[in-house]
Amino acid sequence: QKEVEQDPGPLSVPEGAIVSLNCTYSNSAFQYFMWYRQYSRKGPELLMYTYSSGNKEDGRFTAQVDKSSKYISLFIRDSQPSDSATYLCAIVRDTGRRALTFGSGTRLQVQP
Amino acid sequence: DTGVSQDPRHKITKRGQNVTFRCDPISEHNRLYWYRQTLGQGPEFLTYFQNEAQLEKSRLLSDRFSAERPKGSFSTLEIQRTEQGDSAMYLCASSSPAGAVYEQYFGPGTRLTVT
């Protein structure tokens, strides 16, 4: 079983839609949860991170962690064509290590 | 541009050849990471440096792979006797001394194609 599972998509939505992207993880000891965005032929860029359960909002983006279900989500409100990219969830297994463990990514296409 | 830079951006090589990639981190970032990303997958961790010390290596980093960061600034990743399975995007990331573990800034990557 992979440590982080993510639906690869692709996910196609019309402009202005609310997008929900999700990951599940296997180990309840994981502490940090991140979302990265990766445009085609570019490196990933950090969008948001969360440390504990609950919601964290940043503009049109909301990250949600449910540790009891081992489920992390990213919501994008008022989606724009410029949001079209691959979204990667990532976790840090423990604070003693610095390696990020990524999901496989969900490709999002926002249609104008 | 003050981001992480990688060179070359693309490399095509024949199986069995050696290749070397370079990464220049963000200025004053003392932590440097290498990841590998294959098509349709997320990046996979390869190795991590703090200054010139290589502190962590993944099992993915076989004997054919070697990474160095001799002066704690730029880093090189060498792959010897390349195989077709080495075809991937090789990503470098860096983070600052005070940066949290999740604050890794990625470069654009080097895309390797082994024919």
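Where a number appears in this text, it was derived from the coordinates with a stated rule and is not lab data. Remember, it's a predicted structure, so these values are computed and weren't measured experimentally. Using ideal geometry, Cβ is built from the backbone for each residue, glycine included, and neighbour counts are taken over all protein chains shown.
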Considering only the range A:65-108, how many residues are part of a loop (DSSP other than H, G, I, E, B) and either closer than 25 Å to B:N30 by Cα or not polar (S, T, N, Q) (or both)? 13
I'd like the residue in the range A:78-108 that is among the polar types (S, T, N, Q), more than 10 Å from chain B (Cβ to nearest Cβ) and loosely packed, with under 14 Cβ neighbours inside 10 Å and, out of all such residues, is nearest to A:R37 (Cα to Cα). A:S82
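Scan the range B:21-65 residue by residue and report those that are away from chain A (no Cβ under 13 Å) and either over 29 Å from A:A85 (Cα atoms) or aromatic (F, W, Y) (or both).
Across the range B:21-65, the qualifying residues are B:F21, B:E28, B:N51, B:E52, B:S62, B:D63, B:R64, B:F65.
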Go through (1) under 11 Å from the mean Cα position of the chain (by Cα); (2) buried (at least 21 other Cβ atoms within 10 Å of the Cβ) one by one and return the number of the condition B:G42 breaks. (1)
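Residue by residue, here is whether (1) more than 11 Å from chain B (Cβ to nearest Cβ); (2) more than 11 Å from the chain's Cα centre (by Cα) holds:
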{"site": "A:M34", "(1), (2)": "no, no"}
{"site": "A:P44", "(1), (2)": "no, yes"}
{"site": "A:T50", "(1), (2)": "no, no"}
{"site": "A:Q64", "(1), (2)": "yes, no"}
